[in-house]
Amino acid sequence: MGFTVYDCRKDIRNILVTPQIRARFCRMEPGPGSLDKYHTHDLGHEIFIILSGRVEFRINGETKELGPGQMCYALADEPHSVRVLGDEPVYMYLSVTPHIQPTHTQYADDGERLPPQFRPSSDYDTETDSTTPIDALIDHHVGTARSVADMAQNSAQIQEQMAAALKQALSSGDEKAAAEIRDVMWEPLLETFKKVNEMAAEWNTLTPRAGTLRTYR
């Protein structure tokens, strides 16, 4: 991936979309829009940085006004919405981590949670894999999920095996030995986390082709 510079005045789109993060520049016009309705993210924490204009955020029942140079965030499962204040458009940066479908949870007017909102890839400015046979996508996803389970089990065994040694090293004040044990414990965890990210990427590839897509407005 090359080193590219993006401009909030021109690149109004999703710029970086991976399982780890979805980041974009957004231009909001006064009046109703896609962000002014209460919603949550089941897994993702969302960060908002206001670049120009003024907005009103409602997050987890609290309402505050933000302007240029200010930021706020909504944690996973915290209901939030934003609306433009005044007559000028608002430019902002926002990111959600992680980015795993379904990314948004919407609610009915009575507060009832609506069904999962699996979206088309185009909603995130990415392309749907329309060439790989769907059965192959499903089989690959299942295989990766099994690999995650196997790696997690192996990692758990190593954590358990090293736990007593780590406790002993720390209780005796041997920081060097503790650090070496920690390194041993980290290696299988690192590989497991990488495989989980791979599974998330395959899931995001599969879901736009795995049934009806919903978009609540």
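A few remarks follow.
- Checked against the criterion of being within 21 Å of the chain's Cα centre (by Cα), more than 26 Å from Glu78 (Cβ to Cβ) and surrounded by 12 or more Cβ atoms within 10 Å (Cβ to Cβ), the candidates Arg209, Arg214 yield just one match: Arg209.
- Screening Asp7 on (1) outside any loop (DSSP other than H, G, I, E, B); (2) loosely packed, with under 13 Cβ neighbours inside 10 Å shows it passes everything except condition (1).
- Selection within the range 151-166: residues that are of a type outside the set (S, T, N, Q) and surrounded by 12 or more Cβ atoms within 10 Å (Cβ to Cβ). The member of this set that is farthest from the chain's Cα centre (by Cα) is Ala165.
- Meets criteria (within 28 Å of Leu114 (Cβ to Cβ), touching a residue at least 60 places away in the same chain (Cβ under 8 Å) and in a strand (DSSP E or B)) for Val82: no
- The sole residue among Val148, Val84 that is among the hydrophobic types (A, V, I, L, M, F, W, C) and over 24 Å from Asn197 (Cβ atoms) is Val84.
- Every condition in (1) surrounded by 13 or more Cβ atoms within 10 Å (Cβ to Cβ); (2) modelled with pLDDT of 95 or more holds for Glu175 except the one numbered (1).
- Residue that is nearest to the chain's Cα centre (by Cα) [pool: residues in the range 178-190 that are more than 30 Å from Ala200 (Cβ to Cβ) and either of a type outside the set (D, E, K, R) or crowded, with 16+ Cβ neighbours inside 10 Å (or both)]: Ala179
- Residue in the range 115-132 that is over 16 Å from Ala210 (Cβ atoms) and of a type in the set (A, V, I, L, M, F, W, C) present: no
The values are calculated or read from the model by the stated rules, or taken from the named source; none is laboratory data. Since the structure is predicted, the reported quantities are computational estimates derived from the model, not experimental observations. So basically every Cβ, Gly included, is an ideal-geometry build from the backbone, and we count neighbours across all protein chains shown.
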